[in-house]
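Contents: one structure, followed by commentary.
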Amino acid sequence: MNPDAKVKTTDLEQALDYLEGLSFIMRSFAESSRGREGRDMLLEGLEAMDSGAMSWEPLRYQAVAGHGWADIADDVDELRRRLLEGFADAAL
């Protein structure tokens, strides 16, 4: 990775907004127990995407279907925090 890489402010702002929205969605799924009762096409689709290239492992390793949403939200929040930390000047 190039330490001198340039990130357009608008791209960073949009990525941060999307990550915040994704975190909200994942926490909403956790609170509503989505995927814990019966089949859930979204849950099954994300689990099927889990591979070396895409990481949805919190869903794969959950004890009960639908318990990994909060873990994913935590991961998204951590990624957002690291982006803000690493590119604080561009984001503000």
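The values are calculated or read from the model by the stated rules, or taken from the named source; none is laboratory data. Being a predicted model, the structure only gives us computed values, none of them experimental. Ideal geometry is used to build each Cβ from the backbone, glycine not excepted, and the neighbour counts take in all protein chains shown.
Odds and ends about this structure:
- Residue ID - modelled with the highest pLDDT, chosen from residues in region 32-59 that are part of a helix (DSSP H, G or I) and over 25 Å from ARG82 (Cα atoms): MET41
- Test: residue in region 3-11 that is exposed (fewer than 13 other Cβ atoms within 10 Å of the Cβ) and either modelled with pLDDT of 90 or more or farther than 29 Å from PHE87 by Cα (or both): no
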